[in-house]
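Notes follow the structure.
A short reminder: the numbers here are calculations on the coordinates, not readings from a lab. All values reported here derive from a predicted model rather than from experimental measurement. Reconstructed Cβ throughout: ideal geometry from the backbone, glycine too, with neighbour counts over all protein chains shown.
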Amino acid sequence: MSVLRRIEDNVGYVEIDNPPVNAINQAVRQGLLEAVDWAEAAMLTRVIVTGKGRTFAAGADAKEFDAAPMEPHLPDVLNAIDESFVPWIAAINGVALGGGAEIAMACRMRIASPQAALGLPEVTLGVIPGAGGTLRLPRLVGLETALALITGGKPMNAHAALDAHWIHAVDDDPIEAAYMVNTEELGCMVPTWELPSPAIDTELFEATEKTVARKMPQQVAPIVAINCIREGLNRDFHDALTDERAAFLSLKSGPQAKALRHCFFNERAAKAPASLSAAPLPLEHIAVVGGGTMGAGIAYALLNKHYAVTLIETDDAAVKGATERVENLINASNTRGLITDAEAIACRQRFNASDEYTQAAGASLAIEAAFEDMAVKRDVLTQLEAVLDDSAILSTNTSYLNINEMADCLKDPSRLMGLHFFAPAHIMKLLEIVRGEHTSDTALATGYALAKTLRKIPVLAGVCDGFIGNRLLARYREAADTVFMDGSTPWEVDEAMVEFGYAMGPYEAQDLSGLDIAFANRRRQDATRDPNRRYIPIADRMIELGKLGRKTGAGWYRYPDGKNKIEDPIVADLALEEAHFAGVTRTEYSADEIRRRLVLAMINEAADILDEGIAQSASDIDLVTVNGYGFPRWRGGLMHYADSLGAEAIVSQLQQLETEDPVAWKVSPWLLRCAESDASIADQ
Ligand code: 3H9
């Protein structure tokens with residue numbers, strides 16, 4: 001039964017019961033529609049609708065979105081509620097999102113518990129509210145708030161919703177409060193659809209369009225939502241509802257909604273593999289070694305989830321610096337209202353920093369976030385092994401280094417895994433969990449359990465230079481540098497990739513992280529680099545010139561005011577010089593050609609990563625590229641996008657590029673197999 005109902009004192013109690021989050025599927029819609037008839041037939045005085053469990057309703061069941069819509073449709077169900085002579089009251093016990101909030105809006109009254117939140121996050125799934133949300137919300141909260149809520153997709157807590165007149169009351173027991181509502185007062189409540197709609201405000205619409213263009217460039221749903229809201233202000237409610245429904249259905253089957261749904265379900269499916277044969281170690285106390293930006297971010301992320309953290313640094317001054325960085329993060333979160341004063345105090349109480357490894361004793365997990373150097377890391381791990389219990393798990397936050405070589409220094413190498421966080425570690429969602437040759441299932445299970453607590457998206461990676469994400473990044477940059485050397489400028493490359501959907505192109509992004517990191521990697525790779533592989537020396541010239549990125553005021557761009565970037569002709573000239581020395585005849589690349597090369601390079605590398613078993617699935621590549629490397633979410637991730645091109649088309653394009661440079665563009669056997677067997681890339 002997806003909708004439970006009972007009558008008491010002539011009041012109908014309707015409970016949406018579709019665990020885990022009361023998603024509104026066909027059975028729920030049917031159950032609600034039947035409840036309208038049931039309430040009318042029994043001449044009930046009111047119906048109180050609520051959700052079973054912690055959620056009111058998480059919205060339409062997005063798992064149904066790939067199939068043809070099944071009757072009854074939600075807009076019709078909600079019209080029946082809105083127009084029924086038996087008034088419905090929503091007792092909003094938990095989150096009411098999307099269609100869940102739309103159910104609440106079709107009710108005559110809304111009373112929420114203090115823990116509840118309401119939101120219309122449809123645009124995050126590439127659709128719009130499709131059951132009257134674009135019409136009912138402006139009538140309830142006014143145009144400005146409705147535009148912000150629908151285009152932004154962020155939920156509002158119960159008290160804010162009360163202030164916005166979205167709901168009528170906040171009560172610890174919303175069902176009881178709904179029961180207590182005075183019958184006369186309830187009788188006077190006008191059905192939401194009959195409320196007057198706000199007046200058109202052209203300036204506000206223009207401002208919202210600008211905000212959307214800036215914050216969600218190239219995304220279709222928010223623009224369609226704005227149009228539906230605008231059209232809905234002037235039209236008959238039911239005509240506008242028909243148009244809203246048509247717009248919703250068209251978006252639902254479009255490529256952006258499919259891509260965003262893929263991301264949504266892919267992220268939720270990222271869990272510990274069933275094949276792990278061990279349970280995670282219980283964690284309370286975690287040691288972090290290294291208190292730079294990364295280590296401090298990791299420490300704060302852990303403190304924020306109630307772990308006790310001991311941060312180890314090399315000496316007094318370093319301990320002081322690390323403590324300051326952690327303190328700054330606590331304060332910043334506190335100031336932004338993300339944690340309360342009491343939580344900030346508790347974070348400080350759980351934190352301890354020292355230059356003595358013995359302080360880490362008792363920790364059941366240690367995360368090494370020291371300098372990216374094999375000798376340094378091996379030394380840290382050896383010192384940790386000496387003070388920690390034999391059962392404790394060791395991990396390294398290395399971005400590139402060989403974990404097997406690192407584990408060699410340990411008496412028990414099975415204790416070591418990679419936990420590759422992304423900066424800023426307390427914000428970025430991705431966590432690469434790296435399995436070394438000897439890594440135990442206990443270590444991996446502990447990594448996954450930690451990811452769950454930190455609400456990170458775990459992706460299992462094997463050992464190779466850069467694991468999944470940084471290996472792809474290296475190939476992306478190599479392709480960019482080649483295009484730069486052979487004909488373009490960094491700004492042309494950046495612009496092409498921004499047009500593709502990245503927030504910034506590879507050169508601007510590298511200016512942010514610093515050119516010295518990639519330089520150190522290139523020097524580390526010198527000994528093992530394939531001598532037949534073309535080497536683009538421009539980035540090395542940048543280091544010689546002291547252009548290390550934003551931190552030195554100049555990198556690929558110049559930053560005269562420390563903030564805004566300007567193009568630097570000296571940098572463009574470097575490519576001319578190097579091309580001349582290398583005997584390269586430069587050519588002009590269109591933006592399409594730049595994009596084609598950079599994206600194909602990544603797809604081919606990703607295919608090799610899959611072929612070598614470094615990543616488990618194409619979906620994992622999508623998780624990494626979207627959540628760690630800025631690949632446009634609305635394209636679903638690198639391999640979801642690749643699937644839209646098709647393996648055969650990709651292979652034929654790569655083969656053409658292979659004639660230019662058979663080493664860099666060697667077609668991955670994985671892609672060749674996909675093309676030969678006509679297999680979907682996304683399903684691998
Ligand atoms: C919509 O409503 C359109 C309407 O306007 C028009 C219709 C005509 N569908 O996130 P969690 C699953 S569009 C299907 O891990 P949490 C999820 O996959 C919808 N399944 O839990 C997972 O499954 P599994 C607008 C859904 O506590 C399980 O529930 N609504 C849906 O961290 C637990 O999810 C939204 O965009 C769904 N709508 O967070 C809200 N939602 O266990 C989307 C969840 O098999 N949902 N599942 O992995 C959320 O934001 C979060 O899930 C929520 C709970 C905050 C509710």
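Structure values in brief
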item: Simple spin-label estimate for E176 and M374 in nanometres, 7 Å along Cα-Cβ; result: 6.7
item: Residues of region 123-166 with amide N under 19 Å of the 7 Å Cα→Cβ point at D76; result: 130-133
item: Nearest 10 degrees, 0 to 90: helix 237-252 Cα axis against the chain principal axis; result: 30
item: L431 long-range amide H proximity, modeled H, under 5 Å; result: I457, V459
item: T45-T453 FRET efficiency (beta carbon distance; Förster radius 51 Å; 0.05 resolution); result: 0.65
item: DSSP-defined beta bridges in region 410-500 - what % are antiparallel, rounded to 5; result: 45
item: Theoretical gain in end-to-end length, Q655 to I7 [0.36 nm per residue, Cα-Cα removed]; result: 226.3 nm
item: Antiparallel DSSP beta bridges within the chain, percent to nearest 5; result: 30
item: Helix 374-387 axis, angle to the chain major axis (alpha carbon atoms, nearest 10°); result: 70
item: Potential lengthening between A169 and I517 on full extension [0.36 nm per residue; Cα-Cα distance subtracted]; result: 119.8 nm
item: Magnitude of the charge dipole, region 349-464, Cβ model with Lys/Arg +1 and Asp/Glu -1, debye to 20; result: 660
item: Out-of-range pairs (alpha-carbon distance over 31 Å; input K154/K452; K52/K271; K215/K565; K215/K320; K154/K252); result: K215/K320
item: Amide proton proximity set for I339, modelled H, under 5 Å, gap of 5+; result: N334
item: Signed unit charges on C-beta, dipole axis of region 148-245, positive-most listed residue T208, M180, F237; result: T208
item: Percent RCO, i.e. relative contact order, over region 285-461, from Cα pairs under 8 Å lying at least 6 residues apart; result: 21
item: Distance between modelled label sites at V663 and K305, nm, 7 Å Cα→Cβ extension; result: 4.2
item: Among P413, I223, A449 - extreme Cα towards positive end, dipole of the chain, charges at beta-carbon; result: P413
item: Dipole in debye (nearest 20) - the chain, about Cα centre, beta carbon charges: Lys, Arg +1; Asp, Glu -1; result: 460
item: Debye log10 I(q)/I(0) for region 3-250, one point scatterer per Cα, at q = 0.11, 0.17 Å⁻¹; result: -0.51, -1.27
item: Nearest-0.05 FRET efficiency for A503 and L338, computed from C-beta distance (R0 22 Å); result: 0.50
item: Set of aspartates and glutamates near K305 by C-alpha distance (under 12 Å), chain-local residues within fewer than 8 positions excluded; result: E284, E343
item: For region 157-235 and region 250-291, distance of Cα centres in Å; result: 32
item: For F56, F265, F422, order by how many other beta-carbon atoms lie within 10 Å, fewest first; result: F265, F422, F56
item: Relative contact order (%) - criterion: Cα under 8 Å, at least six apart; region: the chain; result: 8
item: Charge dipole (debye, nearest 20) of region 143-276; +1 at Cβ of Lys and Arg, -1 at Cβ of Asp and Glu; result: 1220
item: Taking M497, M105, M374, M43 and counting other C-beta atoms within 10 Å, the order from fewest to most; result: M43, M374, M497, M105
item: Between 0 and 90°, nearest 10: helix 341-350 axis offset from the chain longest Cα axis; result: 40
item: At 1.567 mPa s and 4 °C, Stokes diffusion of region 502-639 via Kirkwood alpha-carbon radius, µm² per second; result: 76
item: Dipole axis of the chain (+1 Lys, Arg; -1 Asp, Glu on Cβ), positive-most option in L251, V309, V584; result: V309
item: Placed amide H near M417: partners under 5 Å, 5+ positions off or other chain; result: L394, S395, T396
item: Principal axes of the chain: Cα extent on each, largest first, Å; result: 85, 60, 54
item: Bins of 5 Å, starting at 0 and running to the largest distance - Cα pair percent for region 396-478; result: 3, 16, 26, 23, 18, 9, 3, 0
item: Normalised convex hull volume, region 83-164, alpha-carbon set, Å³ per residue; result: 80
item: Rounded to 5, the percent of DSSP beta bridges in region 57-192 classed as antiparallel; result: 20
item: C464, C188, C107, C263 arranged by Cβ crowding within 10 Å, fewest neighbours leading; result: C188, C464, C263, C107
item: Rel. contact order, % - alpha carbon contacts under 8 angstrom, at least six apart, region 475-549; result: 32
